[in-house]
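Just so you know, all these numbers are worked out from the coordinates, no wet-lab data involved. Quantities reported herein were computed from a predicted structural model and do not represent experimental measurements. Here Cβ is always computed from backbone atoms with ideal geometry, including for glycine, and neighbour counts include all displayed protein chains.
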2 protein chains.
Amino acid sequence: MSGQDSLSGYKRDEDGVLWIRNYVAGARIEMSYKIKDLLYYEQSPFQEISIVDTKGFGKMLVLDGAPQNSMREGFIYNEMISHIPIVTHPNPKNVAMIGGGDCGPAREAMKYAGIEKIDVIEIDKCVTEACRKWLTPISFYENEPRFQMIHKDGRDWIQETKENYDVLMIDRPDPVGPGAKLFKPDFYQLVYDRLTEEGLAVFQSGSPFYNKSTLEKTVKNLKEKFPIVRIYLINIPLFPCGLWSFTLASKKWDPLDADLNRLKDKDTQYIDRDVFLASFVLPKYVKDIVGL
Amino acid sequence: MSGQDSLSGYKRDEDGVLWIRNYVAGARIEMSYKIKDLLYYEQSPFQEISIVDTKGFGKMLVLDGAPQNSMREGFIYNEMISHIPIVTHPNPKNVAMIGGGDCGPAREAMKYAGIEKIDVIEIDKCVTEACRKWLTPISFYENEPRFQMIHKDGRDWIQETKENYDVLMIDRPDPVGPGAKLFKPDFYQLVYDRLTEEGLAVFQSGSPFYNKSTLEKTVKNLKEKFPIVRIYLINIPLFPCGLWSFTLASKKWDPLDADLNRLKDKDTQYIDRDVFLASFVLPKYVKDIVGL
């Protein structure tokens with residue numbers, strides 16, 4: 001187990017306790033998570049993958065030293081990136097997700113009987129396997145004919161696929177390194193082109209507190225192509241500073257007019273009708289970022 | 001300046017950079033803030049007080065190693081602890097605040113012309129002086145006859161005062177050490193007794209993510225005394241995990257029926273009518289904590 005000490009972000013303190021220390025340049029903070037057990041680690045062709053157990057967040061997936069999701073609050077991200085676009089479209093049949101190889105958002109999408117096809121495009125097969133083994137061993141998609149996992153670079157996939165989708169969910173990483181291409185205008189055009197005439201897409205668009213320019217540019221780029229662009233906010237305790245933004249871009253359907261009855265009786269831990277609507281209410285300082 | 005290295009929470013890294021490292025037991029995380037300059041520090045009779053400058057949050061007030069508020073996002077806390085109770089009461093005249101010696105919430109209260117009296121009860125005179133000198137040098141209250149600063153223990157004050165208030169704002173610290181008495185049933189009774197017949201009070205009630213029992217007990221205690229008890233949530237980027245709860249307890253007025261026109265034309269950076277209402281919408285997992 002000595003290899004763990006050379007993993008990105010992992011450090012032992014003077015008492016021998018293992019921590020993940022994640023420096024966030026935008027806010028000049030370091031968010032550190034106390035680790036109970038390092039359960040698994042691996043260098044994949046794309047990144048360092050590890051699975052840890054913690055007392056604060058339960059088990060977590062960590063990529064290149066940055067926690068991605070946890071058992072104790074992962075439902076927040078999973079529900080809010082999926083239910084909102086799926087409910088905004090009145091009758092989505094074809095859905096795809098770029099990123100999210102842990103399949104959390106795909107599991108949420110499965111809760112809608114009308115959905116006929118869910119493609120998950122995850123570049124790194126090792127992420128999917130690690131999550132399946134350590135985080136969600138009883139995986140739903142063994143016997144789920146609607147589900148398809150595609151291990152491919154998200155941008156390559158969207159450029160090459162011939163399919164059209166009603167809903168695309170873009171769970172992209174930060175706009176640095178290999179993730180940067182998922183923040184460029186030509187990527188937004190590719191997303192637009194792969195949506196049906198009534199299609200819509202949702203994009204992870206960063207922290208409105210310390211990543212203002214990511215949100216600002218995302219909205220600006222999307223407004224050049226889509227008639228309807230809406231920001232919504234959620235609080236993700238695992239992420240630095242907590243507040244996170246998503247941007248929904250739509251060819252026809254406005255989330256503020258969505259039929260929220262479709263959320264009724266869904267088995268969720270975060271979202272309901274009121275939370276759906278409240279998440280689109282932006283504090284003044286966030287409106288200022290995007291000139292609303 | 002060598003004394004700084006013995007201040008609680010302050011540590012230098014191997015490059016000589018100063019950090020404040022704040023361990024949060026509930027979430028097993030450490031939130032660390034990179035410090036540009038330590039501007040001021042002092043051991044008062046009650047606590048270690050320091051004022052630092054940071055690139056992430058601007059200038060900050062730090063008490064016993066825990067950042068309390070910052071120039072870059074302090075408006076969030078200040079606005080949300082004050083405007084919501086003040087607008088809930090249709091015509092508050094007498095207002096008091098326990099804690100908040102930096103006077104941020106009191107400055108917000110000043111924006112309501114109908115308010116005739118604002119008492120701030122801050123145990124530590126040194127906090128007020130440090131904030132006034134380093135954070136808000138142009139202080140409003142020099143020529144503000146409505147304002148009165150009382151340097152006294154909050155619980156002693158509320159037990160001894162003969163005044164009645166329309167709105168009480170309780171900016172209490174965590175329920176450990178000397179702050180614990182502000183979380184006991186007899187304190188809630190004292191608050192009740194010092195409110196007018198139509199009065200209401202708001203309490204800082206902790207993180208709904210890692211301090212569930214604080215929120216749960218606060219709501220339970222208040223429901224035993226007040227007919228109307230409402231929780232609202234805000235995101236404070238400075239605080240660990242971001243999400244924070246306040247609990248409003250009222251003898252007559254319900255915030256959900258408030259006249260939100262009173263917020264119109266108020267000079268704010270966070271709150272407006274929509275934000276007021278949205279802050280009372282609770283994710284399902286928060287409702288579960290309090291059995292809603």
Could the peptides A:169-177, B:240-248, A:120-128 be put in order, highest first, of the mean number of other beta-carbon atoms found within 10 Å of their residues?
-> B:240-248, A:120-128, A:169-177
Across B:212/B:287; A:287/B:34; A:11/A:34; A:266/B:212; A:55/B:212; B:93/B:152, pairs whose alpha-carbon gap is larger than 18 Å = A:287/B:34; A:266/B:212; B:93/B:152
Rounded to the nearest 10 degrees, what's the angle between the helix B:125-134 long axis and the longest principal axis of chain B, both from Cα atoms, 0 to 90?
-> 70
Rg over Rh [alpha-carbon atoms, Kirkwood Rh] for region A:223-292 = 0.99
In nm, what does the list of distances from residue B:71 to its counterparts in the other copies look like, shortest first, when each label sits 7 Å along Cα to Cβ?
-> 4.5
Rounded to the nearest 5, what is the percent of antiparallel bridges among the DSSP beta bridges in region A:73-231?
-> 0
Over region B:138-211, what relative contact order in percent results from Cα pairs under 8 Å that are six or more residues apart?
-> 35
Shape call, region A:149-292: gyration tensor on alpha carbons, a/c limit 1.5 | rounded
Ordered by residue, what ³J(HN,Hα) values in Hz, to whole numbers, does region A:85-91 give under the Karplus form 6.51 cos²θ - 1.76 cosθ + 1.60, where θ = phi - 60° and Gly and Pro are x?
-> x, 5, 6, 5, 7, x, 7
Label point 7 Å beyond Cα along the C-beta direction, distances from residue B:43 to other copies (nm, shortest first) = 4.9
Counting DSSP beta bridges with both ends in the protein assembly as shown, the antiparallel % (nearest 5) = 70
Considering the rotation that carries chain B onto chain A, locate the chain B residue whose Cβ comes closest to its axis and report the distance in whole Å.
-> B:242, 1
Prolate/oblate/rounded call for the protein assembly as shown, Cα gyration tensor, a/c under 1.5 rounded | prolate
Over the protein assembly as shown: helical MRE at 222 nm, DSSP H runs n ≥ 4 each giving -39500 (n - 2.57), nearest 500 = -7000 deg cm²/dmol
Total charge dipole magnitude, chain B, about the Cα centre, Cβ charges on Lys, Arg, Asp, Glu only, Debye to nearest 20 | 580
Please get the size of the charge dipole for the protein assembly as shown, origin at its Cα centre, with Cβ charges of +1 on Lys and Arg and -1 on Asp and Glu, quoted in debye to the nearest 20.
-> 540
Take region B:50-206, compute every pairwise Cα distance, and split them into 10 Å bins from 0; I just need the percent in each bin.
-> 10, 42, 36, 11, 0
Would you work out which of A:10, B:19, A:226 lies farthest towards the positive end of the dipole of the protein assembly as shown? Charges go on Cβ: Lys and Arg +1, Asp and Glu -1.
-> A:226
Positive-end extreme of charge dipole, region B:122-280 - chosen from B:244, B:209, B:256 (charges on Cβ) | B:209
Taking only Cα atoms of chain B, the Rg to Rh ratio with Kirkwood Rh works out at 0.95
Given the convex hull of the Cα atoms of region B:68-140, what is a quarter of its surface area in nm²?
-> 4.7
Chain B: angle of helix B:212-223 to the longest principal axis, Cα-based, in degrees nearest 10 | 30
What FRET efficiency comes out for the pair residue B:252/residue A:36, r = Cβ-Cβ distance, R0 = 51 Å, nearest 0.05?
-> 0.55
Taking every pair of alpha-carbon atoms in region B:1-126, give the share separated by more than 17 Å as a whole percent.
-> 63
Along Cα→Cβ at 7 Å, what distances in nm separate the residue B:12 label point from those on the other copies, shortest first?
-> 2.6
Quick one: give the max-minus-min coordinate of the C-alpha atoms of region B:5-50 along each principal axis, largest first, in Å.
-> 30, 28, 15
Could you give the dipole magnitude of region A:147-292 about its Cα centre, charging the beta-carbon of Lys and Arg +1 and that of Asp and Glu -1, in debye to the nearest 20?
-> 420
Beyond 24 Å (Cα-Cα) in this structure, taken from A:59/B:220; B:111/B:184; A:264/B:284; A:284/B:220; A:162/A:225, we find A:59/B:220; B:111/B:184; A:284/B:220
In vacuo Debye scattering of region B:123-221, one point per C-alpha: log10 I(q)/I(0) at q = 0.15, 0.22, 0.24 Å⁻¹?
-> -0.76, -1.25, -1.32
